[in-house]
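Here the structure comes first, spelled out in structure tokens, and everything after it is commentary.
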Amino acid sequence: MSVARPGPMNGRLSRLFAYALFRMAIPRRPWRLPELPGAEQFTARSVDGVALAGWLVRNARRRGTVLIIHGLTRDCTSDGIPAWGERFTARGFAVAAIDLRGHGRSQPAVPGFGSIEAADVRAGIDACVAAGLPQPFTVIGGSLGALAGQCAAIEDARIAALVLLAMPASPTHGLMVGAQAVVALARPELRAHVGVALASVICLGLSAFARGAGAIGRLLDRAHGFPALRSADVLRRRIPAQRPLVLSIIGAADPYDWRATARAWRRWASADAKPFKRPAEAPHQAAWFVLAPGLGHPPMSPHLLEWAGLGPLLDQFLELVAVRHQRQAPEAEAGNSRLMLDHPAN
């Protein structure tokens with residue numbers, strides 16, 4: 001799906017207002033290159049020209065590549081992402097992470113709660129390919145990053161596997177539940193940058209606007225010139241026949257009701273796939289849904305990213321992805337050989 005351009009004057013005014021609103025709500029976090037052996041900065045450019053920033057670590061073992069996508073108001077060095085990179089490189093995987101538009105070091109831009117950011121994820125995959133990082137490509141996204149990764153996987157068959165962490169069921173669901181949470185996250189950042197008095201005024205305005213999640217959705221639709229939120233709703237999208245492996249994990253106490261997230265996961269799963277099974281328990285499945293007991297939504301502690309069981313679960317999944325890719329590679333090579341025999345050159 002290409003990123004649409006805004007329409008006439010009404011769209012441009014909506015875009016300016018949305019840009020100003022989210023520039024206030026999403027803090028600009030400058031970051032330093034993670035202190036990981038071999039870490040290097042890389043850049044990408046999304047389909048609509050938005051410049052993206054990130055980092056990567058190559059790996060001589062070339063077991064695959066993990067692209068990590070952060071959540072709303074975060075960046076590619078937040079929430080322990082460099083530590084995850086260190087964990088995955090130790091297991092033989094190359095790792096990359098990018099800042100979505102409007103976050104971290106990437107170019108400021110109006111968010112789309114998944115549909116627009118999917119183009120950023122695909123640009124991240126393009127950058128990984130250009131850097132010579134190996135297949136299979138696994139995208140790990142949290143919250144907004146999960147919505148973006150999911151949309152990107154619908155559109156891009158290069159994504160062989162998806163990990164969806166603390167994912168809202170849909171962008172609209174995310175706005176309805178999460179708008180006030182965004183304000184709560186923005187408040188300390190605003191106080192640090194503009195002072196307590198002005199931060200209080202801004203947060204009052206943001207809180208009033210956040211209570212009307214539908215209004216935010218309509219604003220974004222007008223700003224982008226197409227129904228951005230509906231386009232990122234997996235319940236409304238056609239899932240490709242060539243589906244990636246999907247692992248969806250959410251805390252049982254997450255305000256994004258896990259039952260709704262499970263319904264979104266079911267769109268990826270075959271009819272016989274059972275939820276609450278881990279990859280090691282049901283290696284024959286292609287989609288898994290795991291509930292983390294007693295945990296909420298990052299970064300409000302206790303949250304999913306603090307779960308001791310998360311690391312081993314991701315290790316299980318990545319091992320399964322690598323093993324399946326190794327099995328499929330000879331089959332694909334054999335299939336190509338048969339095609340050459342069936343269609344000899346003239």
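Just so you know, all these numbers are worked out from the coordinates, no wet-lab data involved. Nothing here was measured: the structure is a model prediction, and the numbers come from that model. Using ideal geometry, Cβ is built from the backbone for each residue, glycine included, and neighbour counts are taken over all protein chains shown.
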Legend entry - Packing-based order for 48-56, 21-29, using average beta carbon neighbours within 10 Å, highest first: 48-56, 21-29
Inset, instruction - Measure nothing fancy, just the Cα-based angle from helix 144-155's long axis to the longest principal axis of the chain, in degrees from 0 to 90, nearest 10. - result: 50 degrees
Legend entry - Cα-based helix-to-principal-axis angle, 9-25 vs the chain, degrees rounded to 10: 90 degrees
Legend entry - Positive minus negative residues near Leu52 (Lys, Arg vs Asp, Glu; Cβ under 9 Å): +1
Inset, instruction - Which order do the peptides 12-19, 235-242, 140-147, 155-162 take when ranked by the mean count of other beta-carbon atoms within 10 Å per residue, highest first? - result: 140-147, 155-162, 12-19, 235-242
Inset, instruction - Quick one: work out the % antiparallel among DSSP beta bridges in the chain, nearest 5. - result: 25 percent
Inset, instruction - With r as the distance between the Cβ atoms of Ala215 and Ala271 and R0 = 45 Å, compute the FRET efficiency 1/(1 + (r/R0)^6) and round to 0.05. - result: 0.70
Inset, instruction - Can you tell me which of 269-275, 92-98 comes out highest on packing, and rank the rest after it, using the mean Cβ neighbours within 10 Å? - result: 92-98, 269-275
Legend entry - Rounded to whole Å, sorted largest first: equivalent-ellipsoid semi-axes of the range 74-174, Cα gyration tensor: 20, 15, 14
Inset, instruction - Evaluate E = 1/(1 + (r/R0)^6) for Arg191 and Leu36, where r is the Cβ-Cβ distance and R0 equals 41 Å; express this FRET efficiency to the nearest 0.05. - result: 0.80
Legend entry - Taking the chain and dividing mean pair separation by its residue count, relative contact order in percent (alpha carbons under 8 Å, at least six apart): 17 percent
Legend entry - Cut-off 14 Å between beta-carbons: net charge of the residues surrounding Gly311, Lys and Arg +1, Asp and Glu -1: -2
Legend entry - Extension gain from His284 to Arg62, taking 0.36 nm per residue of separation minus the Cα-Cα distance: 77.5 nm
Legend entry - Extension gain from Arg91 to Ala51, taking 0.36 nm per residue of separation minus the Cα-Cα distance: 11.3 nm
Inset, instruction - Can you bin the range 212-282 into rounded, prolate or oblate? Criterion: square roots of the alpha carbon gyration tensor eigenvalues sorted a ≥ b ≥ c, rounded for a/c under 1.5, prolate for a/b above b/c, oblate for the rest. - result: oblate
Legend entry - Fluctuation leader among Phe113, Phe137, Phe276 - the chain, Gaussian network, Cα springs under 10 angstrom: Phe276
Inset, instruction - At 0.36 nm per residue, minus the direct Cα-Cα distance, what do Arg29 and Asp257 gain on full extension? Give it in nm, one decimal, please. - result: 79.1 nm
Inset, instruction - Work through the residues other than Gly217 whose Cβ is under 12 Å from its Cβ and net out their charges, Lys, Arg +1 and Asp, Glu -1. - result: +1
Inset, instruction - Report, in degrees rounded to the nearest 10, the 0 to 90 angle that the Cα long axis of helix 115-130 makes with the longest principal axis of the chain. - result: 40 degrees
Inset, instruction - Principal axes first, then extents: for the Cα atoms of the chain, list largest minus smallest coordinate on each axis, whole Å, largest first. - result: 70, 51, 43
